[in-house]
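As structure tokens, the structure follows; a few thoughts come after it.
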Ligand code: ATP
Ligand code: MG
């Protein structure tokens, strides 16, 4: 991609009303556009990041047997009345509207009811179980506050997986598989070290659920963590958790702000009983299906990465989710020889399958470097007249600031050997 053709431009200032660091940086760098509080556009660069996150999520969901589907946003009130989740008293985040033909309609804020209803068509025997299904789909929620940039919006992507089991053992195995998939997802996205599986409030059927909480000052949640022992407890349930059972004392737990990037939940038979999702067991008896639900917010995860890894110069993307691996910054391109050289490198990277953003714009070096730091691609490769004369390229690692002067062969060898690029 040539930066001269990119319709987005960087900005010196973020909108005055934007308080969250993730949104300030992402807006300035041209990854996202704020349409209004709680609603953002994902521009070409931002969409590339989200798609990489979604690809990682898909790979891990498929690896544990999740089958991808896609369910509608429009919701039938009658279905939600069966679980008593239609009224605004019970659920305070509904967006609702009316049909021209008459009657209410809702905009989906989660999909337990919908997926349970669908599965009534396909589950009749214990032989049909267990299995799981997921989607990456747009949710609508009438959030009271939307001050955390892309981490809390009123329209957002969610990956929601639902599991269906005949026995508690089957359910427990799927719950554990999902937990392990979540660990891999957050590792691959680049926030694994700071993200903890956390005891959280459960609900009707299990004492606790688990949240994936990333320790960060910008977080809206509060958790108590013992990083050494890998134990974390949401403050909401601190009183209820038996710490001695976990092998940790209250003194070892450190209070921290955190961001909930995902959660996993045992639903028991709450939804299957209310909606009538049953199967015949081996003795021919009708039993309700045991369910679980498992959510991740791709945009909240993206915002968390920005918040956690950015430095004073701008965004720092981990290689796995960077929109491009290399920022090829061309200086002195008015010199035809330098320009030819830069074009050659751009093509050579592309031929090798390395994703490159080529800053071919007619700007001063200082502006190009400032933009490059703000955009945060993992590697900056500088092509200049000076480099041309020496036969080398300046390769700068964004995360560490390490500078290497490499010949063309050394540079390609470096990228060919790097499994991430
Ligand atoms: P919170 O307590 O932060 O409101 P939640 O418990 O309502 O989150 P879930 O309903 O479990 O969240 O949604 C699953 C995941 O979707 C969350 O872990 C989070 O990553 C993401 N998510 C939830 N609400 C939002 C939102 N308003 N904007 C962006 N992502 C969200
Ligand atoms: Mg919420």
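Each reported figure results from applying straightforward, stated rules to the coordinates on display, with no laboratory input. Note that the structure is predicted; figures quoted are calculated from it, not measured. Backbone-built Cβ (ideal geometry, glycine too); neighbour counts: all protein chains shown.
Sort out for me the Cα centre separation of segment 317-368 from segment 13-57, rounded to whole Å.
Segment 317-368 and segment 13-57 have Cα centres spaced 23 Å from each other.
Rank these for me by crowding, 212, 126, going from fewest to most other beta carbons within 10 Å.
126, 212
Using only Cα atoms and rounding to the nearest 10 degrees, what angle (0 to 90) does helix 408-417 make with the longest principal axis of the chain?
Helix 408-417 sits roughly 10 degrees off the main axis of the chain.
If packing is taken as the average count of other Cβ atoms within 10 Å, what order do 30-36, 224-230, 131-137 fall into, highest mean first?
131-137, 30-36, 224-230
Using helices alone, what [θ] at 222 nm do you get for the chain, with -39,500 (n - 2.57) per DSSP H run of 4 or more residues, divided over all residues and rounded to the nearest 500?
One gets -9000 deg cm²/dmol as the mean residue ellipticity at 222 nm.
Quick one: go through segment 189-218 and flag any residue whose amide nitrogen is under 13 Å from the point 7 Å out along the Cα-to-Cβ line of residue 110.
201-206, 209-211
What shape does segment 1-138 have by the C-alpha gyration tensor, where a ≥ b ≥ c are the square roots of the eigenvalues, rounded means a/c under 1.5, and otherwise prolate means a/b greater than b/c and oblate the rest? Spell out each step's value before the answer.
Values: a/c = 2.92, a/b = 1.54, b/c = 1.90.
Because a/c hits 1.5 or more and a/b fails to exceed b/c, segment 1-138 counts as oblate.
Counting each pair of different Cα atoms once, what's the Kirkwood radius of segment 326-416 in Å, rounded to one decimal?
Values: mean 1/r = 0.0769 Å⁻¹.
Hydrodynamic radius (Kirkwood, Cα only) of segment 326-416 equals 13.0 Å.
With a ≥ b ≥ c taken as the square roots of the eigenvalues of the C-alpha gyration tensor of segment 1-59, please select rounded if a/c is under 1.5 and otherwise prolate if a/b is larger than b/c or oblate if it is not?
Because a/c hits 1.5 or more and a/b fails to exceed b/c, segment 1-59 counts as oblate.
Measuring from centroid to centroid over Cα atoms, what is the spacing of segment 82-158 and segment 220-267 in Å?
28
What percent antiparallel are the DSSP beta bridges of segment 326-416, to the nearest 5? Intermediate results must be reported in sequence, preceding the final value.
On the way: 8 of 17 bridges.
Approximately 45 percent, going by the DSSP bridge assignments.
What distance in nm separates the simple spin-label points at residue 240 and residue 81, each placed 7 Å from Cα in the Cβ direction?
Roughly 3.1 nm, to one decimal.
Taking a ≥ b ≥ c as the square roots of the eigenvalues of the Cα gyration tensor of segment 70-227, is the shape rounded (a/c under 1.5), prolate (a/b larger than b/c) or oblate?
Numbers: a/c = 1.97, a/b = 1.16, b/c = 1.70.
Here segment 70-227 falls in the oblate category.
Which residues does a label at residue 222 reach in segment 260-295, if reach means a backbone N under 18 Å from a point 7 Å past the Cα toward the Cβ?
Zone members listed by number: 260.
For helix 168-189, what angle does its Cα long axis make with the longest principal axis of the chain, in degrees from 0 to 90 and rounded to 10?
The answer is roughly 20 degrees.
So if the hydrodynamic radius of the chain is defined as the Kirkwood radius over C-alpha pairs, what does Stokes-Einstein give as its diffusion coefficient at 4 °C and 1.567 mPa s, in µm² per second?
55
Under the definition of Cα pairs under 8 Å and six or more residues apart, what whole-number percent is the relative contact order of the chain?
Reported relative contact order: 16 percent.
With angles folded into 0 to 90 degrees, how steeply does helix 298-309 sit against the dominant principal axis of the chain? Use alpha carbons for both and round to 10.
The angle comes out at about 50 degrees.
Need one number: nm distance between label points at residue 90 and residue 36, each 7 Å from Cα along Cα→Cβ, rounded to one decimal.
2.9
Between residue 403 and residue 282, 0.36 nm times their residue separation minus their Cα-Cα distance comes to what?
Between residue 403 and residue 282, full extension yields an extra 36.9 nm.
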